[in-house]
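The values are calculated or read from the model by the stated rules, or taken from the named source; none is laboratory data. Computed from a prediction, not measured in an experiment: that's the story for all the values here. So basically every Cβ, Gly included, is an ideal-geometry build from the backbone, and we count neighbours across all protein chains shown.
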Amino acid sequence: MKLKEEQVSAEYVFRGKIINVRCDKAKIFDGRIVDREVVEHPGGVGIALEDDEGRFFMVTQYRYAQEQIMLEYPAGKKEKGEDPLTTAKREIVEETGYEGRDFVYLGNMVPTPAYDTEVIELYYARTGKYIGQHLDDDESIRLSRLTLDEITEKIVKGEINDAKTMGMTFLIKEFKERNQ
């Protein structure tokens, strides 16, 4: 069975500051033409920044679309054409005030593959020099630092439900267990 679908047409119904939304017509496996709705997103990064005491910087912030306060690793949106490592280095300073060092690429995740083009590139880094936080003017966050075990416990208890934080915690544990 042929799995790949072929775009026949695309019509943009919304163009925004962060996302675009389009309604496509696609040819599926049996030749029929079906509707597909797609959210175009430039992608982003998530950064697990570990300090010298083995604690990770966490961001608590209100997530408007979810209508809840969420605890997660620092993250941010890529600028158009920006290399993900450049985004990670910029975002970690903006949100924590610390430069990162010894960045390790952990891979990427696709948070909502059914309708969204977003890909989140995942990084692990150690804290570098403190140079000061530079939050966006519409951003309000609270910083904390937790051990990997504390983060894992919060995930298990349902206190952390952010997908990138859940995935990154698993990857970091495996990374550390394998001494990479």
* Structure fact -> Cβ pairs under 7 Å, 6+ apart or interchain, first in the range 59-77 and touching a residue at least 40 places away in the same chain (Cβ under 8 Å), second among the basic types (Lys, Arg) and outside any loop (DSSP other than H, G, I, E, B), ordered by first then second residue, are 60/142; 70/63; 71/154; 72/164; 73/164; 75/164
* To do: For the range 146-162, enumerate the residues that are in contact (Cβ under 8 Å) with a residue 12 or more places away in the chain and either buried (at least 16 other Cβ atoms within 10 Å of the Cβ) or closer than 14 Å to residue 48 by Cβ (or both).
  => 146, 147, 148, 151, 152, 154, 155, 160, 162
* over 13 Å from the mean Cα position of the chain (by Cα), within 30 Å of residue 7 (Cα to Cα) and not assigned by TED's automatic domain parsing to the domain that holds residue 23 - does that describe any residue in the range 55-71? -> yes
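Among the residues of the range 163-180, which ones are under 16 Å from residue 53 (Cβ atoms) and either of a type in the set (Val, Ile, Thr) or surrounded by 17 or more Cβ atoms within 10 Å (Cβ to Cβ) (or both)?
Filtering the range 163-180 for residues under 16 Å from residue 53 (Cβ atoms) gives 172, 176.
Correct list: 172 only.
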* Please specify each residue of the range 15-52 satisfying the condition of being more than 30 Å from residue 168 (Cβ to Cβ) and in a strand (DSSP E or B). => 15, 23, 24, 25, 26, 27, 33, 34, 35
* Any chance residue 102 is in contact with a His (Cβ under 8 Å, 6 or more places away or on another chain) and either modelled with pLDDT of 95 or more or surrounded by 18 or more Cβ atoms within 10 Å (Cβ to Cβ) (or both) -> no
